[in-house]
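This report refers to the structure that appears directly beneath it.
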Amino acid sequence: MKIRLLTLFLISAVQLHTAARAQTASSGDVDTAAAASPSAAATAAAPSALSLTGNLGFVSDYRFRGISQTWKRPAVQAGLDLTHASGWYLGAWGSNVSGNSYNNGAGLEMDVYGGVKLPVSEGLTLDLGALAYLYPGARMNRAPGQPSGDRYDNVDLYAGLSAGAFSAKLSIAATDYFGLDSDTASYAYFSSLPAKGATKGSAYLDLNYGVELGQGITASLHLGHLWMRRYGELSYTDWKLGLSKSFDQLGGLTVSAAVVGTDADRAYYQAGDSAGQRAKRLGETGLVLSVSRSF
């Protein structure tokens, strides 16, 4: 199954790349005379070494590694990124999450990250960094309505490579994976797990391909796999096929639609309400719509 998915990902990426090249060729040659003119460059002020950007978005369902974080309900998300010309960067990002998945907290996820992007060769960039996932006040329930002292917080170390339209990133959990260890195995997921030890060192591989098709439309493909240390029943593959369109006349507003799915075991990747009832399967295939803007 995983080999077929990877093959499909690569074939689709090649087809999209071919379509994009054809679109570029049909649009005609670009007039480079104006671009070559030194007048604009000569009068422009020297750019600052630091750059601050932000983003704001609304999604119909917040999916993380293919799994719904909002009980299949909408989310508002925002982030800030500070980058330096040398390649160093810091950022923070937040989203609402469901209290059915992250019990007893503020219903909020806050991510803080930092790293450096380094050119390896022409067209190839290395990205090294760390990312902390924080859920203020959230604690696992030993049973419905019975909080424990165990947190969901998680820290990943990652290394990524990007080359043109392709990117790949490997994230390694530097802590127990979102709180799962021998002490929490019986209640960290929807179904009880046997105590098998710590999950520090669990890994997630993230493969992506994106290409502009013209008229502000971008197609994207994603394939990911989670390898859960010591708890193989929680390992799974996820995928996403998406289209997005940017509207310059609306200040760069981007509208997106994507089909997202996983082969995650339904026995574990579910969440019920506060009483443990009305469970929803969080990893099943679904359509995710979003509207976002960067500034």
Practice item. Let me know the Rg and Dmax you get for segment 234-295 when you use only its Cα atoms, in Å. Key: 16.1, 47
Practice item. Using a cut-off of under 14 Å, list every residue of segment 140-165 whose amide N is near the label point 7 Å from the Cα of S192 along the Cα-to-beta-carbon line. Key: 142-144
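Kindly provide the chymotrypsin sites (Phe, Trp or Tyr not before Pro) of segment 161-270 that DSSP labels as loop, not H, G, I, E or B, and whose Cβ sees at most 14 other Cβ atoms within 10 Å.
none
For segment 187-295, would you read off the P(r) tail past 21 Å as a percentage of all alpha carbon pairs?
Values: 3085 of 5886 pairs.
Percentage above 21 Å: 52.
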Review point. What is the Cα convex hull volume of segment 119-206 when expressed per residue in Å³?
Key: 111
Review point. Over its Cα atoms, what ratio of radius of gyration to 2.2 N^0.38 Å does segment 82-230 give?
Key: 1.23
Practice item. Would you mind calculating the gained length between S182 and V116 on full extension (0.36 nm times residue separation, minus the Cα-Cα distance), in nm to one decimal? Key: 20.3 nm
Check your understanding: Spin-label point model (7 Å from Cα, Cβ direction): what's the A92 to A106 distance in nm?
Key -> 1.0
Study note, to complete from the structure: Judged on accessible area alone, 1.4 Å probe, highest first, D111, D176, D265 line up as D265, D176, D111
Check your understanding: Can you tell which of S95, G129, Y113 lies farthest toward the positive end of the dipole of segment 93-160, using +1 and -1 charges on the Cβ of basic and acidic side chains (Lys, Arg; Asp, Glu)?
Key -> S95
**Study point:** Under 15 Å, Cβ to Cβ, from G99 - net charge with Lys/Arg +1 and Asp/Glu -1
**Key:** +4
Check your understanding: What is the extension gain from F64 to A49, computed as 0.36 nm multiplied by their sequence separation minus the C-alpha to C-alpha distance, in nm to one decimal?
Key -> 2.2 nm
Review point. In segment 158-295, what percent of the accessible surface is made up of carbon and sulfur (1.4 Å probe, ligands and nucleic acids excluded)?
Key: 57
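For segment 150-193, would you read off the P(r) tail past 12 Å as a percentage of all alpha carbon pairs?
Details: 629 of 946 pairs.
Within segment 150-193, distances greater than 12 Å cover 66 percent of Cα pairs.
The values are calculated or read from the model by the stated rules, or taken from the named source; none is laboratory data. Because the structure is predicted, anything quoted here is derived from the model rather than measured. All Cβ positions, glycine included, derive from the backbone under ideal geometry; neighbour counts span all protein chains shown. Keep in mind that these areas ignore ligands, DNA and RNA; they rest on the heavy atoms of the full protein, side chains included. Shrake-Rupley method; radii C 1.70, N 1.55, O 1.52, S 1.80 Å.
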